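Input: a single structure, listed below in structure tokens.
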Amino acid sequence: MTIDSHCHLDQADYLEPTKTIIDQATEAGVSHILAVACNPDDFSELAQQLQNFPNLYGAFGIHPEYAHKSHDLKNLEMYLINHHAVALGECGLDYHEAEASPEQQQSLFKQQIDLAHKLHLPLMIHSRDAEGDMRTVLKQAYQAGKLSDGFILHCFSGSLDMAKEVIQMGGYLSASGVITFKNADRVRAIFAEIPLENLLVETDAPYLAPHPFRGKPNQPAYVQYTLAKLAEIKGVSVQEMEQITTDNFNRLYLRGNK
């Protein structure tokens, strides 16, 4: 059994009911799913899903693409507390296509770092085309003691130097379906260098479906394909990789408690 450490279950993104998506994941050997709501408009939907499906964990945050809008961080705090979230996220920086300016994104990101530290929650971080500023913000937060509850760069595809900095700060890096893509040799080479104790695996469903489903909507059941590729990259069995990533998930998000 394995865990999908990051997916989105917003019903509008799927052709099938949430229960069907979760049942298919269970049949594929996925014991738990960490579902993420990173748009405040989706918080209530995830809250309801967490009540309905006991094999879901939840994370609430505000994605950088919404950083140009005004946000009530008290509302985010309420959802994190009342629905027993295991992480704050996803939040971070995205200079690829987000409408928000870098300054707006950094301000919102830093506020969420502070909130996660206040609530003693790990941070689930999104970083796209913003590596320089991301490294700066993380280094400042680390030096201020604000990353002591753990953090992960989800769907990691950054540089080896950034990976090394994250590891040095005690962070984790998550592999997505990208590592199965034919043109992803650079990303596979970086994951080959990441220690086993810093690795997680995810789908980021409904995005980034792994081979052989590339181009189709992703779903938590497909995490097995990414897990198998990660095991191949690291030279361990699939069963070993299942145990490693499950242990790492428990250590980061559940503080070692299953």
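Quick notes on this one:
- Across the chain, the convex hull enclosing all Cα atoms gives 116 Å³ per residue.
- Whole-percent carbon and sulfur share, accessible surface of the chain, 1.4 Å: 49 percent
- Note on ASP41 and MET1: their simple-model spin labels are 3.6 nm apart, each label 7 Å out from Cα toward Cβ.
- For ALA189 and HIS120, the difference between the fully extended length at 0.36 nm per residue and the C-alpha to C-alpha distance is 21.5 nm.
- The accessible-area ordering, largest first, of the residues SER174, SER70 stands as SER70, SER174, per a 1.4 angstrom probe.
- Integer Hz, Karplus 6.51/-1.76/1.60 couplings in order for region 196-211, x for Gly and Pro: 4, 6, 10, 10, 10, 10, 8, 9, 6, 3, x, 9, 6, 4, x, 4
- Rounded FRET efficiency, nearest 0.05, which uses the C-beta distance separating SER107 from LYS216 and R0 of 35 Å: 0.45
- Nitroxide proxy distance, nm - points 7 Å out along Cα→Cβ at LYS164 and THR136: 2.2 nm
- Once you reduce region 124-153 and region 1-64 to the center of their Cα atoms, the two points are 25 Å from each other.
- In plain terms, the bigger the Kirkwood radius, the slower the diffusion; for region 114-258, with that radius from Cα pairs, at 25 °C and 0.890 mPa s, Stokes-Einstein puts D at 158 µm²/s.
- Segment ASP72-ARG255, extension gain: residue separation times 0.36 nm, minus the distance between their alpha carbons: 63.1 nm
- Entry note, the chain: relative contact order of 20 percent, from Cα contacts under 8 Å with a spacing of 6+ residues.
- Cα pair distances of region 191-256 binned at 10 Å [whole percent]: 22, 48, 29, 2
- When region 42-145 is reduced to its Cα atoms, the Kirkwood hydrodynamic radius in Å: 14.1 Å
- Surrounding net charge for ASP42, when Lys and Arg each add one and Asp and Glu each subtract one, Cβ distance under 11 Å: -4
- Estimated at the nearest 10 Å², the accessible area of ASP13 is 60 Å² with a 1.4 Å probe.
- Pairs of lysine residues in the chain that meet both criteria, 8 or more places apart or on different chains and Cα atoms under 13 Å apart, total 7.
- Extension gain, ALA144 to VAL236, is 29.4 nm, computed as 0.36 nm per intervening residue step minus the present C-alpha separation.
- Solvent exposure, largest accessible area first (probe 1.4 Å, DNA, RNA and ligands not counted), of TYR253, TYR225: TYR225, TYR253
The values are calculated or read from the model by the stated rules, or taken from the named source; none is laboratory data. The structure presented is a predicted model; accordingly, all values stated were derived computationally and were not measured. Cβ atoms come from the backbone with ideal geometry, glycine included; neighbour counts cover every protein chain shown. These area figures cover heavy atoms from the full protein model, side chains too; ligands, DNA and RNA do not enter into them. Shrake-Rupley method; radii C 1.70, N 1.55, O 1.52, S 1.80 Å.
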